[in-house]
Structure formats: C-alpha cells, structure tokens
C-alpha cells in the first residue's frame, strides 16, 4: 500500500513537473511567434514605405515633370503673345486688324471665344 502511494505521488509529481516544463516550453514558443509577428509587421511596413516611395517617384517622373515642362512652355508662349499684343497699336494695319478686333470682343464680353 505504501508503494502504491509512493508510486502515485511520484507519478503525480512527474506529471506536474512535465506539465510545468511543457507550459514553459509552450510560453517560450508563443513568445517566439509574437516576436516573429512583430518582425513581419515591421517588414510589411518597410515594404509599404518602399512602394509609396516608388509610386511617388513614378508620379514625379511621369506626371509632375512633364507638366512642369508644359507649364514652362505655356509661360514662354504667353510672354510672346503679350509682347505681340503690346505692339498691335504700332502696326500700320491696326485699324483693320482682325486679331485686335477679336481680342477686344473677347475682353468686352468677359468670355473667351473658341479657337
């Protein structure tokens, strides 16, 4: 009977210690998985930022830069047009100038005429 009690106690103690070690092992594995998840999140954020940077670079190269060039060209053309318009009154044909008449008509109505 004593042997049975000792065997039962040792078995219970062994099972308890095994459960304790298994729980520690399980907790360590869970902690390791949490760490891996955090590393993965960091990697994902890093890749997202890289994608945003690439997208911004594409936007700058394919949209913004061509628009800047086009705006500069329009500015140059506008300067040329203003210079030409400022010289209309000095032109010997200014009395019957269709360009001057069209510009005055557009200014007078407050709307632009289609080209």
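The values are calculated or read from the model by the stated rules, or taken from the named source; none is laboratory data. Computed from a prediction, not measured in an experiment: that's the story for all the values here. Here Cβ is always computed from backbone atoms with ideal geometry, including for glycine, and neighbour counts include all displayed protein chains.
Things worth noting here:
- Test for residue 32: is it in a helix (DSSP H, G or I), modelled with pLDDT of 90 or more and more than 20 Å from the chain's Cα centre (by Cα): yes
- Residue pairs whose Cβ atoms lie under 6 Å apart, separated by 6 or more positions or on different chains, with the first residue in region 73-99 and touching a residue at least 12 places away in the same chain (Cβ under 8 Å) and at negative phi and the second in a helix (DSSP H, G or I) and surrounded by 10 or more Cβ atoms within 10 Å (Cβ to Cβ), are 88/94; 88/100.
- Candidate set: region 80-97, residues that are surrounded by 11 or more Cβ atoms within 10 Å (Cβ to Cβ) and part of a loop (DSSP other than H, G, I, E, B); chosen: the one farthest from the chain's Cα centre (by Cα): 91
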